[in-house]
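So the structure is just underneath, and the comments pick up after that.
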Amino acid sequence: MSETRASFRTWTTDVATVVVGKAVDIEREVDVAFCRSRGIDVLRRESGGRSVWIGPGTLQYAFALPYRLSSELDGISSAKRFCNRLLLAALELDSSVVEDPSGDLVVESRKAAGLAMRRLRTALLLHGTILVDADLALIDRALKHPEREPDYRRGRPHRDFLTNLPRFDSLAVEPRVQASLSGLVETAEI
């Protein structure tokens, strides 16, 4: 990750995969037998956060940002707000999509996107998954109830807690966020 360059990327995959945070106990959060029976890989990432489903119907994104870009990047919560502000502007959705204090994007108290972060000495990586047209029943089978949950989840199973975002132009998200970052970089003289 560059110390001086801010970047943002999006991508999709047709390969169903469960990705768990670096400190997650896989057996407690993932139905490993179910995943194995369906050919769903279970992988571990270097960032924090809980378990996430990626695959058909999801859009993945990643910010790589030097701390010098903004003082908001100095704190965990403020860095999440900074990135979500850019992401929400690029999605161009109505005001029904809001940010929960956990960093999740929420529609009518249901999670539509989550994120994880890895903080390095001079920069951070913040990445996430947006549910676009995901098979929520399949996610419910593959993921067990997490050990920790945000307050707004209220103990609900995945099938009652998750939702897909309303339709948006997924191809426009990356260039819109990149344009916003370019403007910030020019202002910050990085």
Report summary line: Filtered hits (aspartates and glutamates, Cα-Cα < 12 Å from LYS144, offset >= 8 within chain) -> ASP25, GLU27, GLU29, ASP31
Report summary line: For the stretch 7-188, the charge dipole (Cβ of Lys, Arg +1; Cβ of Asp, Glu -1; about the Cα centre) points to a positive end, and the Cα of VAL107, VAL30, GLY128 closest to that extreme belongs to VAL30
Query raised in the report: By counting other Cβ atoms within 10 Å of each Cβ, how are ILE40, ILE76, ILE130 ranked from fewest to most?
Result: ILE76, ILE40, ILE130
Query raised in the report: Quick one: helix 170-188 against the long Cα principal axis of the chain, what's the angle to the nearest 10°, folded into 0 to 90?
Result: 40
**Report entry** Interatomic Cα distance distribution for the chain, bins of 10 angstrom, percent
**Finding:** 9, 37, 36, 15, 2, 0
Query raised in the report: Counting only DSSP beta bridges with both residues in the chain, what percent are antiparallel, rounded to the nearest 5?
Result: 85
**Report entry** Dipole magnitude of the chain, debye to nearest 20 (Cβ charges: Lys/Arg +1, Asp/Glu -1, about Cα centre)
**Finding:** 460
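Taken together, the values in this text are just the output of simple stated rules run on the coordinates, not laboratory data. Here the structure is a predicted model, which is why all the values come from computation and not from measurement. As a convention, Cβ positions derive from the backbone with ideal geometry for all residues, glycine included, and neighbour counts pool all protein chains shown.
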